[in-house]
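Below: the structure, in structure tokens.
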Amino acid sequence: MTLKLAVVGGGWAGMAAAVSAAGPDVELTVFEAARELGGRARALQAMRPDGVPLRLDNGQHILIGAYRQALSCMQQVGVPLSGSLLALPLGLPFPDGSGLQTPAWASRWPGTLALLAAMATARGWSWSDRLALIRVAARWQRQGFACAPSDTVARLCDGLTAQVMADLIEPLCVSALNLPTRQASGQIFLRVMRDALLGEGFGGWRASSLLLPLSDLGNLFPESAARWLADTLGARFRLCLGTRVAGLRPDRAGWHLQGTGIDDHFDQVIWATSASSASQVMHQTATEAAGHGGGSWAQALKDWADTCSRLSFTAITTVYTWSPGLRLDRPMLALRDAPEAPAQFVFDRGQLSPQDPAMQGVLAFVVSASQGDRATLEHAVLRQARDQLGASDLQPIQTVVEKRATFACTPGLRRPGAQLAPGLQAAGDFLEGPYPATLEAAVRAGVTAGAQVRARVDSSRGQSLRPV
């Protein structure tokens, strides 16, 4: 007997759910509205100013060694981790050599010791800067890396110097939560810090190791997952790209999906689209079900959709540029940001793809919590690159503005849960959980949803789920 499962959304959450649910007793269909898998972390076709084609990303991402679930899923589908990720020790160096950098002799130390070594050798830091960070970090540890739900990151950092805030806390906060410290949730920030500094890494990596992708994000997991599913399930796996599911309704012991070219029944559905898309479809489903005696689950589904609709979002802009022969001192550098210099990080894609001649001289500038239009941001980043990197001849390749890149991870935020209705559950980085909108949060939600499908299949062995 076979369970017929639909996963709606082919991003990192959806593909993690599909991989986690896969088995000989599951018939799986993945629906993705776009032509590429990956959602907000997908491959992007582009072209250098000289006409050379490139395969970039719709936004520059990094992982860390503490992303155990994401790294485990990547390994499961056959991604060679050591050849796909460049591991760097904890550090946020700036172009002038200042900022926190873990010295080579401490690169294999646990996170807290590596941080102490980086603090002790940080250029531009006074002993008062170092002592202030030690005192505040000790306070966080004494309090179990917990705080009041209403606390912002700025509130947690009372006692830190301006130098420590500028060199460490602000860059970490905006990269992890996509918000400045005065707006970001202290609770979530502390959880990220605890797991990165005190948690367990994956494989041989420290939890605090920075892991930079050496290939495009589509190939890094979602496309590799699709190939693995095709090999594992064979004819029991269907991938429907460019196919939008417009609605669903309860049908027999499962759900009926409808959309362009879709009119089919499934025993179980995992909904892994963006929060806004999920909210619209679930609100419509709840309204129609309530009119036909849908019961208590219809009201619960409406409440879930309402919670989704109240989430606010923040943007991330990635500015891709090219200059023949340009090479940074490091694959990744932190930048001094200001209203007229908006980027916080720059990545040397040539160093991350040393075997690809087309990538040499390609830089990716990341503007977290970005505001303003594409042209203004691009112009400001080019000026910032000239001032901080001495790169005066950069040519823009493409500027990608992801307006709803992450939910705004503010203090006391109420996030929707994963359970929607019988046989219907959600997966996504915006769901209730310990992390902000990261790849790890997306994969964790997907794995949880897929595991629940497996639990249903396993508990139903010997019973008829669906005749074959």
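Read-outs throughout are calculated quantities, based only on the coordinates presented, and are distinct from any laboratory measurement. All figures in this text were calculated on a predicted structure; none of them were measured in a lab. FYI the Cβ positions are ideal-geometry reconstructions off the backbone, even for glycines, and counts take in every protein chain you see.
A few remarks follow.
- Difference of contour (0.36 nm per residue) and Cα-Cα distance, residue 246 to residue 263: 5.1 nm
- The calculated pair-distance distribution of segment 226-377 uses every alpha carbon pair, bins of 10 angstrom beginning at 0, and gives 9, 23, 20, 22, 19, 7, 1 percent.
- Calculated FRET efficiency for the pair residue 355/residue 395, C-beta based, R₀ 22 Å, to 0.05: 0.45
- Distance between the modelled labels on residue 432 and residue 276, one decimal in nanometres: 2.5 nm (7 Å Cα→Cβ projection).
- Net charge of Cβ neighbours under 9 Å - reference residue 318; Lys, Arg +1; Asp, Glu -1: -2
- Treating each Cα of segment 319-468 as an identical point scatterer and summing with the Debye formula, the log10 of I(q)/I(0) at q = 0.10, 0.17, 0.19 Å⁻¹ comes to -0.55, -0.98, -1.10.
- For residue 47, distant residues with modelled amide H under 5 Å away: 54
- J(HN,Hα) series, segment 302-317, from Karplus relation 6.51 cos²θ - 1.76 cosθ + 1.60, nearest Hz, glycine and proline x: 5, 4, 4, 4, 5, 4, 4, 5, 8, 5, 10, 10, 10, 9, 10, 10
- Karplus-derived 3J(HN,Hα), 6.51/-1.76/1.60, for each residue of segment 195-207, Hz, glycine and proline x: 5, 6, 9, 10, x, 9, x, 9, x, x, 8, 6, 4
- Charge dipole (Cα centre; +1 on Lys/Arg Cβ, -1 on Asp/Glu Cβ; no other charges) of the chain amounts to roughly 700 debye.
- Descending principal axes extents, segment 313-407, alpha-carbon based, whole Å: 37, 25, 21
- With θ taken as phi - 60° and the Karplus curve 6.51 cos²θ - 1.76 cosθ + 1.60 applied, the whole-hertz 3J(HN,Hα) list for segment 24-31 is x, 10, 10, 9, 10, 10, 10, 9 Hz, x standing for glycine and proline.
- Computed lengthening from residue 120 to residue 300, 0.36 nm per intervening residue step minus Cα-Cα distance: 59.5 nm
- Over the chain, DSSP H runs of length four or greater, each weighted -39,500 (n - 2.57), average out per residue to a 222 nm ellipticity of -10500 deg cm²/dmol.
- The simple spin-label model puts a point 7 Å past each Cα toward its Cβ; for residue 312 and residue 139 those points are separated by 2.7 nm.
- The length gained by stretching the chain between residue 338 and residue 158 to full extension, at 0.36 nm per residue less their Cα-Cα distance, is 62.6 nm.
- The chain, relative contact order in percent, only Cα pairs under 8 angstrom and at least six apart counted: 25
- Taking amide H as placed 1.01 Å from N in the peptide plane, the amide H of residue 397 sits under 5 Å from that of 320, 321, 322, each at least 5 places away or on another chain.
- Of the peptides 188-197, 9-18, the order by per-residue mean of other Cβ atoms within 10 Å, starting with the highest, comes out as 9-18, 188-197.
- Neighbourhood net charge (10 Å Cβ-Cβ; Lys/Arg +1, Asp/Glu -1) for residue 34: +1
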